[in-house]
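Presented below is the structure to which this report refers.
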Amino acid sequence: MENRENVKGIAPRIAMWSARHRVLAILGWIAFVAATVMLSAQVPTENANYALAGHGESGKADRIVEEAGFPRLPAGEMVLVQNRPGSDRVTAAEEVTRSLKKTPGVGEVQPAIESPDGRSTLITFDLTGDPSTASERVGPALDAVAAVQAAHPDLYVAQAGDASGDKLIGDELDAGLNRLGMLSIPVTLGILLIGFGAVVAALLPVALAIMSVVAAIGLMAVASRFAPAVDETTHVMLLIGLAVGVDYCLFYIRRERDERRKGADPHRALVIAAQTSGRSIWVSGLTVIVAMAGMFFTQDVTFVSFAVGTILVVATAVLGSLTVLPAMLSALGDRVDAIKIPGLYRRNSQGRFWNGLLKVVLAKPLISALVAVAALGVIAAPALDLKTKGQRIQDVAPDSPVVQAFLAIGEAFPSKTTPARIVVSGTSVSTPQFAAALSDFRNVAQNSGGKLVEPIDVDINPAGNVAVVAVGLTGKEEDAASVDALNLLRSTVVPETFGQVPGATALVTGNTASSIDYSERLADSLPWIFTFVLGLAFILLLVSFRSVVVALTGVLLNLLSVAAAYGMLVFVFQDGHFEKPLDFVAAGAITNWMPLFLFVILFGLSMDYHVFVVSRIREGADRGLPIREAVREGIGQTAGVITSAAVVMVAVFSLFATLPLIATKELGVGLAAAVLLDATLIRAVLLPAVMTMLGRANWWLPRGLRWLPEIAHEPPAAPPAQPARELTPIG
């Protein structure tokens, strides 16, 4: 293919190269994806070590324990035997002990202990073998306990612990992810079939998005050598990769298709798509990557893993959209519309509904803006009461026997499920001073008014320089009672007992302490992340559109989208609406990492639509159209593709709300609600209303910034028609 166009910019030049060398571009992309898959098979993913990933006081304590040389503890399990009227608890507890001792894979079974109220018995035992794979071997023990329960229906006999909890989470997630895998691709393809009305055009975005996700997951295996991965990273990469991968291809294909329908030849249509949609994809992808990079400021292993994974999948999606997609479109030409679906294939992509709504907005921009802001304000209002919490076992399948057993054990034996651990380190913990401090600690715990719960267990490392003292906290996990008990422990009890041991350092850790320290670390990083993401997004929009007003408007509108998502999260998951349809139990708070993660994800994804729509409006303005007409044309011509893209995202995100973890439900609902609001109230009402009211001020650029480079938004001019070549007569 000849280079008949004077194209400018990175995206158009890449597209033209790919179109001229389409076989090389297509084979190169396939080779790239295959290479990443083979590379990941040779370089296994390195998973994060959570014991070294904590923050604050608890993080320091965990690292001391990890480095102290304690023998690796086996996976521990607990069996609760609880009275009901007229039942024989002692006999059942003895049967549990005998049965477990004969069960394959069960190690040491500890003597039964009684609860203070005399209604409950607890039997603890270990599983043999590697604790990291114990969930694969816990089945026989669960069966043995279930048999005792069946023999004593008048008692409550149930098991919970490390391995059974991991098995529950693994089984539930496997089932959910299998369901997600079976539904996400067909649902996305079905939406695109409705949007395009042609099978080939619908298959292209799905195929490229899947390949982008596969390639990015392969690259993540290598990247995990530098930034260890957490379990949720692959789920997040699938979520984001499928959404942005389909959207980017959708924007590109729709523009190329629209230009051909207007009469452009396939080459000219591809040039225009590359100059406009290709450029928007480039800017949008860069903005998304910048937003994701904000997570590095947390210095947290989970967020760093999320940042690396999402940056890789977005970068791979952009790469595929700008390289192999133009090559495919060049090779297909008009055949991209092959296999049309009767009744769905339409030549006019502008919807009557959106045009009718736009007509009202442009006629009454102030009223439209006020109505949209009021609606978003109502949706966002619950966010003013947003509270956060750590992740809990009951966040997975709250009605399952394992979860119910864990909660019942926590009620009867709080020191077993909500313990605090005091890590005392020094030259020696075998001194009389340490023994005296331990005695004082026991006395204080007994007289703490029930805030600190016995029994108190002490474990000393082989070197004799680190001791771990475990004590129960009243309350449940992060409720007011357990937080109050933890504060008492940290502020008074530990400093006045172990803190008095000469040369020793005493730090408090445990689930409650770790969760609180983690939340405080995220809160401390928020100002840095907000400043980084908002500042760089503003700069990118400023450079892209050469307008302070457009950049500021984009940032403010995206913040409205994030605020609305927070409001929806609080309304649903904190206040407990829609518990039955979504299959969860409200905890009165949101997962502690969710607000920050949603901010960076939504800010990046919202830029997709903003850059795409404003670029189309700018095209009209650069041709000399009045702002009202430019807005009418830009919104009208993008309404169809924005609707299709939003429906794809909402569908994919909604499917994630069906996964068993409450965190994935929050993520799915928050993203789906935000994208839906962003594509309707914000991009279809608020954006055109604000831009219409601002008029020529939309493109205001201070004199001191006019050195910024000019970036073309309008399609390149068509090449001049070549004069007909004269024919030379023969003979």
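The values are calculated or read from the model by the stated rules, or taken from the named source; none is laboratory data. In this text the structure is predicted, and so the values were computed from the model without any measurement. Don't worry about glycine lacking a Cβ; one is built from the backbone with ideal geometry, like all the others, and counts go over all protein chains shown.
Of note:
- Every pair of residues 6+ apart whose Cβ atoms lie under 7 Å, when the first sits in the range 671-684 and is free of Cβ contacts under 8 Å to residues at least 24 places away in the same chain while the second is part of a helix (DSSP H, G or I) and not small (Gly, Ala, Ser): ALA672/VAL650; ALA672/PHE653
- When each of PRO44, PRO12 is tested for being in a loop (DSSP other than H, G, I, E, B), modelled with pLDDT under 90 and either assigned by TED's automatic domain parsing to the domain that holds ASN487 or out of contact with any Cys (no Cβ under 9 Å at 6 or more places or on another chain) (or both), the lone residue that passes is PRO44.
- So THR553, is it in contact with a helix residue (DSSP H, G or I) (Cβ under 7 Å, 6 or more places away or on another chain), in a helix (DSSP H, G or I) and at pLDDT below 90: no
- When the residues of the range 619-672 are filtered to those that are of a type in the set (S, T, N, Q) and part of a helix (DSSP H, G or I), the one that is nearest to GLY278 (Cα to Cα) is THR638.
- Of all residues making up the range 286-310, the number that are buried (at least 24 other Cβ atoms within 10 Å of the Cβ), closer than 30 Å to GLY634 by Cα and not hydroxyl-bearing (Ser, Thr, Tyr): 3
- For SER430, the stated conditions hold: it is without any contact (Cβ under 8 Å) to a residue 40 or more places away in the chain, farther than 30 Å from VAL81 by Cα and either of a type in the set (Ser, Thr, Tyr) or touching a strand residue (DSSP E or B) at 6+ places or on another chain (Cβ under 6 Å) (or both).
Per-residue answers, yes or no, for (1) part of a loop (DSSP other than H, G, I, E, B); (2) within 21 Å of THR121 (Cβ to Cβ); (3) modelled with pLDDT of 85 or more:
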site: GLN404; (1), (2), (3): no, yes, yes
site: SER415; (1), (2), (3): no, yes, no
site: VAL423; (1), (2), (3): no, no, yes
site: SER428; (1), (2), (3): yes, no, no
site: PHE434; (1), (2), (3): no, no, yes
site: GLY449; (1), (2), (3): yes, no, yes
site: PRO455; (1), (2), (3): no, yes, no
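- Members of the range 60-117 found to be without any contact (Cβ under 8 Å) to a residue 40 or more places away in the chain and aliphatic (A, V, I, L, M), listed by number: VAL90, ALA93, VAL106, VAL109, ALA112
- One residue from PHE573, PHE612, PHE584 being in a loop (DSSP other than H, G, I, E, B) and on the phi < 0 side of the Ramachandran plot: PHE584
- Matching residues in the range 308-318 - criterion: being in contact (Cβ under 8 Å) with a residue 24 or more places away in the chain and of a type outside the set (S, T, N, Q): VAL308, GLY309, LEU312, VAL313, VAL314, ALA315, ALA317, VAL318
- Residue count for the range 506-534, restricted to those that are touching a helix residue (DSSP H, G or I) at 6+ places or on another chain (Cβ under 8 Å) and farther than 30 Å from ILE289 by Cα: 7.
- Here the condition is being in contact with a helix residue (DSSP H, G or I) (Cβ under 8 Å, 6 or more places away or on another chain), in a helix (DSSP H, G or I) and within 26 Å of SER606 (Cβ to Cβ); of VAL283, VAL271, it holds for VAL283 alone.
- Tally of residues being buried (at least 24 other Cβ atoms within 10 Å of the Cβ) and of a type in the set (Gly, Ala, Ser) across the range 663-672: 1
- Against the numbered list (1) farther than 24 Å from PHE32 by Cβ; (2) modelled with pLDDT of 95 or more, VAL304 comes up short only at (2).
Conditions tested, residue by residue: (1) in contact with a Cys (Cβ under 8 Å, 6 or more places away or on another chain); (2) at pLDDT 85 or above; (3) in the same structural domain as ILE14 (by TED's automatic domain parsing).
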residue	(1), (2), (3)
VAL336	no, yes, yes
LEU357	no, yes, no
VAL373	no, yes, no
GLY377	no, yes, no
GLY390	no, no, no
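- Top-ranked residue of the range 398-433 - restricted to ones that are more than 26 Å from ASP166 (Cα to Cα) and among the small types (Gly, Ala, Ser), ranked as surrounded by the fewest Cβ atoms within 10 Å (Cβ to Cβ): SER430
- Condition broken by LEU667, with the remaining ones in (1) at pLDDT 85 or above; (2) farther than 20 Å from SER561 by Cβ satisfied: (2)
- None of LEU127, LEU168, LEU208 is over 30 Å from PHE413 (Cβ atoms), touching a helix residue (DSSP H, G or I) at 6+ places or on another chain (Cβ under 7 Å) and buried (at least 20 other Cβ atoms within 10 Å of the Cβ) except LEU208.
- Qualifying residue in the range 649-662 (condition: at pLDDT below 90, more than 30 Å from VAL600 (Cβ to Cβ), surrounded by fewer than 18 Cβ atoms within 10 Å (Cβ to Cβ) and of a type in the set (Ser, Thr, Tyr)): no
- Options ALA150, ALA175, ALA163, ALA141: the member that is among the hydrophobic types (A, V, I, L, M, F, W, C) and free of Cβ contacts under 8 Å to residues at least 12 places away in the same chain: ALA150
- Within the range 457-473, considering residues that are touching a residue at least 60 places away in the same chain (Cβ under 8 Å) and part of a strand (DSSP E or B), the one farthest from MET78 (Cα to Cα): VAL466
- Flag for SER212 being among the hydroxyl-bearing types (Ser, Thr, Tyr) and either closer than 22 Å to PHE296 by Cα or touching a Phe, Trp or Tyr at 6+ places or on another chain (Cβ under 7 Å) (or both): no
- Which numbered condition GLY129 fails, given (1) over 21 Å from ASN511 (Cβ atoms); (2) part of a helix (DSSP H, G or I): (2)
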